[in-house]
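These notes concern the structure reproduced below.
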Amino acid sequence: MTGSGEQPLPEPGDLPLEAMELSLQQLVLESPDIKAFLTELAVLASKRLSSPGNRIHSGVTVLRQKRPQAVAASDAAAQALDELQNGFGQGPCLTALRQGSTLLVPDLAAEDRWGPYVRTAEQHGVSSILAVPLDLAGDAEAVLNLYSGRSNGFSGEDITTVESFVAQAASSLRLILRISQLKEARNDLTAAMQSRTVIDMAIGAIMAQNRCDRETAFGILTRASSTRNIKLREVAATVITSISGEQRITAHFDD
């Protein structure tokens, strides 16, 4: 499972759990998006569990519209292994994701579940797999997938460490999801306010030109929108442009 260009293996203990948790907290503030956070999560997990002679490849699969997608990985090998499992539509990582519980496969050679996938994974150098779901409290479904080229590549201590790590990561990720949702709601509100302002400006211009009341002006605007099959805001912007000569109509709001 190793190849040219891989980074040197970290020494055991180089990255204690406490340092990982601090790194996760920093990622919440520094990651430009969720994918970047998940990539760093996979890299941190790989570094924490890897040891000389037992390099751990780590990936994150997210369930979107009931379809699994490999969204982040510690390296190209992990990405390929996640995509391989998703392609079969079955495997320990997907089972852990759907059941919502940790799943360890200590020796793929002795495993009789997920037949075709397991044989193919062995051909790609995988001997043991550990999968730990991220509890995102209904916001999304995700699982951290860990692959080793050794049989019994994960100890009981490794499982405890990863579960603690994933619990901290899930908490951080829930915060990122909440922040993203708030940003989207804010952007939607701003867009709505901008549209309303442009429409109000156009109504005012029509009232002035036709010496009519607001209701009549609004009726003129909506009829033009319906007749031309154009959004009301676009018709309003055209009205303002024809009067002011400005090619771009913007509205500014204080944060």
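The values are calculated or read from the model by the stated rules, or taken from the named source; none is laboratory data. From a predicted model like this one, the values you see are computed outputs, not experimental measurements. Cβ placement follows ideal geometry from the backbone for every residue including glycine, while neighbour counts extend to all protein chains displayed. Protein only, heavy atoms only, side chains kept; ligands, DNA and RNA dropped before computing areas. Shrake-Rupley method; radii C 1.70, N 1.55, O 1.52, S 1.80 Å.
Quick check: pseudo-label points 7 Å beyond the Cα along Cα→Cβ at Asp200 and Ala76, how many nm apart are they?
Those two pseudo-labels are separated by 5.6 nm.
Of Ala142, Thr102, Gly125, whose Cα points farthest to the positive end of the dipole of the stretch 90-149 (charges on the beta-carbon: +1 Lys, Arg; -1 Asp, Glu; origin at the Cα centre)?
Result: Gly125, furthest along the dipole toward the positive end.
For Arg223 and Leu63 in the same chain, what is the full-extension length gain: residue separation times 0.36 nm, less their Cα-Cα distance, in nm?
53.1 nm
Which order, highest average first, do 39-51, 80-92 follow once you tally other Cβ atoms within 10 Å for each residue and take the mean per peptide?
Ranked by mean Cβ neighbours within 10 Å, highest first: 39-51, 80-92.
By per-residue mean of other Cβ atoms within 10 Å, what is the highest-first order of 110-119, 145-154, 221-230?
145-154, 110-119, 221-230
Taking R0 as 51 Å, what FRET efficiency do you get between Asp107 and Lys35 from their Cβ-Cβ distance, rounded to the nearest 0.05?
E(calc), rounded to 0.05, equals 0.95.
For Ser127, Ser101, write out the residues from largest to smallest accessible area, computed with a 1.4 angstrom probe and no ligands counted.
Descending accessible area places them as Ser101, Ser127.
Calculate the FRET efficiency for Ser164 and Ser51 from the Cβ-Cβ distance with a Förster distance of 22 Å, rounded to the nearest 0.05.
0.75
Using a basic spin-label model with each label point 7 Å from the Cα along Cα→Cβ, how many nm lie between Thr241 and Arg211?
3.0 nm
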